[in-house]
Amino acid sequence: MGNTFITSDGVGIKYEYYITKAFEHTNKIPLVFLNGIFMHYESWKLFTKDISEKMPLLFHNFRCQWDSDCEETKECSFERHVQDLKELLDHLGIKKAKFVGTSYGGEVAMLFGVFYPQYIESMMIITSTARTDKVMESKAMRWKDGAKTRNPESFVHSWLTDVYSEKYINSFDNLVQIISSRLNGFNYRGAERLIDAFLNLNSYDLLNRIKDVEFPLVVVSAEFDRIKPKSFSQEIHNSLKKGVHITIPDSGHAVVVEKPKEIGWLIRNFAFDFWK
């Protein structure tokens with residue numbers, strides 16, 4: 001499903017670009033969505049039903065994510081994700097966009113904004129971080145061990161309590177089985193490589209570098225985030241020239257899953273500049 005874009009180093013990236021005929025020959029700014037680490041871009045579509053007829057939308061799976069290519073001989077890093085995104089935008093003729101990224105996708109978005117600020121109209125990052133600490137790294141290594149099992153339930157167990165709040169987990173009788181049943185086609189080796197990329201985040205000195213960005217940035221955190229606590233969102237906000245920090249109460253890290261109504265409201269307001 002979707003289209004395939006071949007990057008400059010020969011990697012196939014799966015994407016979908018929604019643009020109505022009314023916008024084909026206009027300068028209408030699109031909304032670009034960037035996935036969390038184990039996420040498929042299809043998950044974003046829950047939030048775009050009221051947006052797709054009003055502005056162009058771009059979704060893609062990062063290299064090594066789900067059905068995008070993940071050749072062992074090809075680089076998988078935040079910097080390479082940034083380059084892939086730039087090449088995809090250039091291929092589609094997109095010169096400026098609004099960006100929404102969650103977790104891993106928010107981190108790619110921030111680094112993209114550091115490298116290519118001319119492409120950014122504005123940005124929203126959801127439960128992301130600009131750096132890792134020892135606790136975060138230890139949990140990520142546990143996730144990698146889970147991916148190595150190639151067993152869906154063992155994999156989900158390795159990160160479930162880091163990603164979802166206790167209240168959300170306890171609201172299901174069989175959440176592990178529900179999530180596991182949706183992992184058909186998941187790229188476990190790709191997940192290992194994405195985790196390795198995340199563990200190298202500190203090499204980019206991102207927290208210091210975002211101090212210089214001029215575009216407005218909406219920072220969204222979750223009250224009970226146990227992998228990237230809201231203090232990491234606050235330090236991003238504290239570094240910005242133009243930004244706002246919003247915390248979603250009563251939610252874990254996967255706030256886009258736990259609180260779809262609230263996140264949908266935020267994305268719509270961001271997309272249509274209702275805050276201006």
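The values are calculated or read from the model by the stated rules, or taken from the named source; none is laboratory data. Small disclaimer: the values here were computed from a predicted structure and weren't measured. In this analysis, Cβ positions are derived from the backbone assuming ideal geometry, glycine residues included, and neighbour counts consider all displayed protein chains.
On the basis of being in a loop (DSSP other than H, G, I, E, B), at pLDDT below 95 and out of contact with any strand residue (DSSP E or B) (no Cβ under 7 Å at 6 or more places or on another chain), does K28 make the cut?
Yes: the conditions hold for K28.
Yes/no per residue for (1) modelled with pLDDT of 95 or more; (2) more than 19 Å from the chain's Cα centre (by Cα); (3) among the hydrophobic types (A, V, I, L, M, F, W, C):
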position: L194; (1), (2), (3): yes, no, yes
position: L199; (1), (2), (3): yes, no, yes
position: K211; (1), (2), (3): yes, yes, no
position: V220; (1), (2), (3): yes, no, yes
position: F224; (1), (2), (3): yes, no, yes
position: S231; (1), (2), (3): yes, no, no
position: Q234; (1), (2), (3): yes, no, no
position: K242; (1), (2), (3): no, yes, no
Output the qualifying pairs, or none if there are none: Cβ atoms under 7 angstrom, residues six or more apart or on different chains, first residue in the stretch 214-229 and free of Cβ contacts under 8 Å to residues at least 60 places away in the same chain, second residue in a loop (DSSP other than H, G, I, E, B). E223/P249; E223/D250; E223/S251; F224/S165; F224/S251; F224/G252
Is there any pair with a first residue in the stretch 248-276 that is at pLDDT below 95 and a second that is in a helix (DSSP H, G or I) whose Cβ atoms are under 8 Å apart and which are 6 or more apart or on different chains, and what are they? F274/R268; W275/N269
What pairs come up if the first residue lies in the stretch 81-92 and is more than 17 Å from L201 (Cα to Cα), the second is assigned to a helix (DSSP H, G or I), and their beta carbons are under 8 Å apart, counting only those six or more places apart or on different chains? L85/V108; L85/F112; K86/F112; K86/F115; K86/Y119; L89/Y119
Taking helices (runs of 4 or more DSSP H) that fall entirely within the stretch 120-184, which contain at least 1 residues that are in contact with a Pro (Cβ under 8 Å, 6 or more places away or on another chain) and either modelled with pLDDT of 95 or more or among the hydroxyl-bearing types (S, T, Y) (or both)? 175-180
Going by the structure shown, is K95 surrounded by fewer than 18 Cβ atoms within 10 Å (Cβ to Cβ), not in a helix (DSSP H, G or I) and not hydrophobic (A, V, I, L, M, F, W, C)? yes
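Considering only residues that are within 21 Å of Y41 (Cα to Cα), of a type outside the set (A, V, I, L, M) and out of contact with any strand residue (DSSP E or B) (no Cβ under 7 Å at 6 or more places or on another chain), which ones fall in the stretch 229-271? Outline the logic, then answer.
From the stretch 229-271, those within 21 Å of Y41 (Cα to Cα) are 252-271; that's our starting set.
Within this subset, residues satisfying the condition of being of a type outside the set (A, V, I, L, M) are 252-253, 258-262, 264-265, 268-270.
Scanning the stretch 229-271 gives E258, P260, K261, G264, W265, R268, N269.
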Do we have any residue at all in the stretch 31-46 that's surrounded by 14 or more Cβ atoms within 10 Å (Cβ to Cβ), of a type in the set (A, V, I, L, M, F, W, C) and more than 15 Å from the chain's Cα centre (by Cα)? no
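Evaluate the following for Y204: is it more than 17 Å from V255 (Cα to Cα), at pLDDT 95 or above and aromatic (F, W, Y)? Break it down into steps so the answer makes sense when it comes.
Details: more than 17 Å from V255 (Cα to Cα): yes; at pLDDT 95 or above: yes; aromatic (F, W, Y): yes.
In short, yes.
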